[in-house]
1. Could you tell me which residue of segment 159-182 is modelled with the highest pLDDT, considering only residues that are aliphatic (A, V, I, L, M) and closer than 21 Å to VAL7 by Cβ?
2. Would a scan of segment 53-73 turn up a residue that is acidic (Asp, Glu), under 14 Å from THR133 (Cα atoms) and surrounded by fewer than 20 Cβ atoms within 10 Å (Cβ to Cβ)?
3. Hey, does segment 76-88 have a residue that's in the same structural domain as TYR121 (by TED's automatic domain parsing), surrounded by 18 or more Cβ atoms within 10 Å (Cβ to Cβ) and at pLDDT below 95?
4. Quick one: VAL221 ticks every box in (1) at pLDDT below 70; (2) surrounded by 10 or more Cβ atoms within 10 Å (Cβ to Cβ); (3) not in a helix (DSSP H, G or I) except a single one, so which number is it?
5. Could you figure out which of (1) surrounded by 17 or more Cβ atoms within 10 Å (Cβ to Cβ); (2) over 21 Å from the mean Cα position of the chain (by Cα) isn't true of LEU48?
6. Mind listing whichever residues of segment 6-31 are part of a helix (DSSP H, G or I), within 14 Å of the chain's Cα centre (by Cα) and either in contact (Cβ under 8 Å) with a residue 60 or more places away in the chain or surrounded by 14 or more Cβ atoms within 10 Å (Cβ to Cβ) (or both)?
7. Output the residues belonging to segment 13-40 that are aliphatic (A, V, I, L, M) and either touching a helix residue (DSSP H, G or I) at 6+ places or on another chain (Cβ under 8 Å) or closer than 18 Å to VAL126 by Cα (or both).
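The values are calculated or read from the model by the stated rules, or taken from the named source; none is laboratory data. Worth saying up front: this structure is predicted, and the values here are computed from it rather than measured. With ideal geometry, Cβ positions are generated from the backbone for all residues, glycine too; neighbour counts draw on all protein chains shown.
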Amino acid sequence: MECIAGVSRKPWDLPFLAEPEEVAALRRIMRLHLGLWGVHEVIDAAQLCVSELVSNVITHVGEGTPTTLAVSMSGTHVRIEVHDPDPRALPTLLGATPDAESGRGVALVDAIADRWGVQLYADRKVTWCELATGLSSANAHSGGARVTRAEAMLRLFGAAKLPRVARCDTFTVAVAEEAAVDLMADVLHWLRAHGCDADEVLDRAQTHFEAEISESDDPPV
């Protein structure tokens, strides 16, 4: 049973007018929110899907159309929805050639997303797609092997240092944060006891951390 509370990934939506100049802003907002959710691996794909779905509204429904972007978790997938008020202008998957001037948007979404579709209502339609995150559950932590190892150490350290956290329902992120502070302080004491330069070790760790974060945040060229 997981003792540390999961990541809260609450659904959000954003009304906007479907204008070409809005696309870049929506991409930035998508990057920000998915970064906060910790699902960095799907950010680039999500940005591209948003660009294509919104461009589809601009092209086939019209510039200035009141539109809404809605993002949520669908199980372990990120679900992206674009709502527009025209249930008649349906996106169509065409066999567009690489040099075609139209018809490529839905083809790109089809190639990138794990699944996509259209939901029709009396007064609107919802074009959606879903991207796999690789998470074990909708609220699971991401971050790869380093985060997994850190959580294992915090559970062990917390249970030894704070007996009350042996019960999983009390080992929250706040408690884990306190355990992390104590663990790092204990490591610094260990380094000092063995004649190591604790400040130098901290500087090296910070350098490694910032380099890895920078690599994960850099947009593709």
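1. VAL181
2. no
3. no
4. Unmet for VAL221, out of (1) at pLDDT below 70; (2) surrounded by 10 or more Cβ atoms within 10 Å (Cβ to Cβ); (3) not in a helix (DSSP H, G or I): (2).
5. Condition (2) is where LEU48 drops out.
6. Correct list: ARG27, ILE29, MET30, ARG31.
7. The answer is LEU14, LEU17, ALA18, VAL23, LEU26, MET30, LEU34.
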